[in-house]
1. Using beta carbons and a limit of 7 Å, which pairs, at least six apart or on different chains, have the first residue in the stretch 65-87 and surrounded by 10 or more Cβ atoms within 10 Å (Cβ to Cβ) and the second one among the small types (Gly, Ala, Ser) and in a loop (DSSP other than H, G, I, E, B)?
2. When the residues of the stretch 9-33 are filtered to those that are among the small types (Gly, Ala, Ser) and touching a Phe, Trp or Tyr at 6+ places or on another chain (Cβ under 7 Å), which remaining residue is modelled with the lowest pLDDT?
3. Residues that are more than 26 Å from ILE14 (Cα to Cα) and modelled with pLDDT of 85 or more: which helices (runs of 4 or more DSSP H) entirely in the stretch 57-141 hold 3 or more of them?
Amino acid sequence: MVHSMQADCFGIAINTFLGLEQQYCEMYVREGYVKRAYFLGPLSLQLQPSQAAKGVADSRFINWLGTKPNHSVVYLSFGTCAHISGAQLDELALGLEASRRSFMWVVRAADKWAPPKGWEKRVEDRGHIVRVWAPQKVIVY
């Protein structure tokens, strides 16, 4: 059994649902990560076109996305709950490079992590790192 502070809690609410991640939802409880888990997702509702249009003017990322074909950019963000090591970020960076796909990557730990040497230059035509809070709902819309 894996021990975590979560395992000591009465239960935890998780932003997902069984229909999306049933195998992982069941494993989370079975392996002892928590006593009880309440799968409540998705909690982020999709923007309506009028809301998206209003937020577009505020986003500094939309211009960059506008240079790419529709549905061609991989959006990568682990949010504020995931703690990812520098070595893992390096591997993600190299994986994005190897994919040869356009991407927008929100890196929360950007103040503590620098990409592998030369990486930003190698991906500058198709990759965009966001080092600040990103308006995810506007970007993904």
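The values are calculated or read from the model by the stated rules, or taken from the named source; none is laboratory data. Since the structure is predicted, the reported quantities are computational estimates derived from the model, not experimental observations. Here the Cβ positions follow ideal geometry from the backbone for every residue, glycine too, while neighbour counts run over all protein chains shown.
1. Filtered contacts from the stretch 65-87: SER77/ALA134; ILE84/ALA109.
2. GLY11
3. Result: 86-99, 119-123.
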